Amino acid sequence: MTHGSQVEREAAVQCVRAALEVGITSFDTADAYAETRAESALGGTLTGVRRESVEIFTKVYFPTGPGRNDRGLSRKHILEGIDGSLRRLKTDYVDLYQAHRFDYQPPLGQQRVDPCRPVRWMSPLQKKAGQ
């Protein structure tokens with residue numbers, strides 16, 4: 001279920017609250033889900049929840065706008081993507097930042113987040129045979 005497009009805000013709040021009540025503390029989203037609205041919905045539903053009590057995962061790769069740098073795994077898109085995700089999620093860090101797909105364009109060395117960025121862990125990027 002994609003919050004921000006498939007369900008109304010109140011249903012999203014009820015869904016997250018019900019999950020928390022039964023001990024579910026991990027929430028996965030992506031910047032491209034519902035054209036960034038899924039992250040905003042999740043951030044709104046977690047308002048008032050102690051940040052250290054939940055794990056927030058999000059992803060980067062798919063387009064979030066019309067520009068050339070609004071997609072993929074270039075260093076620019078990754079860094080701007082995490083900044084946008086943090087703003088929409090209303091948090092100062094994510095627990096896991098994932099590459100949604102392999103990107104053939106930028107060199108693999110560019111496909112990373114600086115250690116000083118607000119990401120606790122970035123998933124290893126998938127490589128194709130021979131890389």
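Overview of values
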quantity	calculated
Fewest-first ranking of ILE82, ILE24, using other Cβ atoms within 10 Å as the exposure measure	ILE24, ILE82
Other-chain or far-sequence residues with amide H under 5 Å of ASP28's (modelled H)	PHE57
Whole-Å semi-axes of the ellipsoid equivalent to the stretch 37-81 (Cα gyration tensor, √5λ, descending)	26, 12, 7
Percent RCO, i.e. relative contact order, over the stretch 9-110, from Cα pairs under 8 Å lying at least 6 residues apart	28 percent
Estimated dipole of the stretch 9-110 in Debye, rounded to 20 [Cβ of Lys and Arg +1, of Asp and Glu -1, Cα centre]	220 debye
Paramagnetic reach from SER53 (point 7 Å along Cα→Cβ, amide N under 14 Å) across the stretch 6-42	16-26
Neighbour cut-off at most 13 other Cβ (10 Å), DSSP loop, trypsin sites (Lys or Arg not before Pro), the stretch 1-100	ARG50, ARG68
Shape call, the stretch 9-110: gyration tensor on alpha carbons, a/c limit 1.5	prolate
Label point distance in nm, GLU35-ARG87, each placed 7 Å from Cα along Cα→Cβ	1.7 nm
Inter-label distance for LEU96 and VAL7, nm, one decimal - labels placed 7 Å from Cα along Cα-to-Cβ	2.0 nm
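A short reminder: the numbers here are calculations on the coordinates, not readings from a lab. Here the structure is a predicted model, which is why all the values come from computation and not from measurement. Here Cβ is always computed from backbone atoms with ideal geometry, including for glycine, and neighbour counts include all displayed protein chains.
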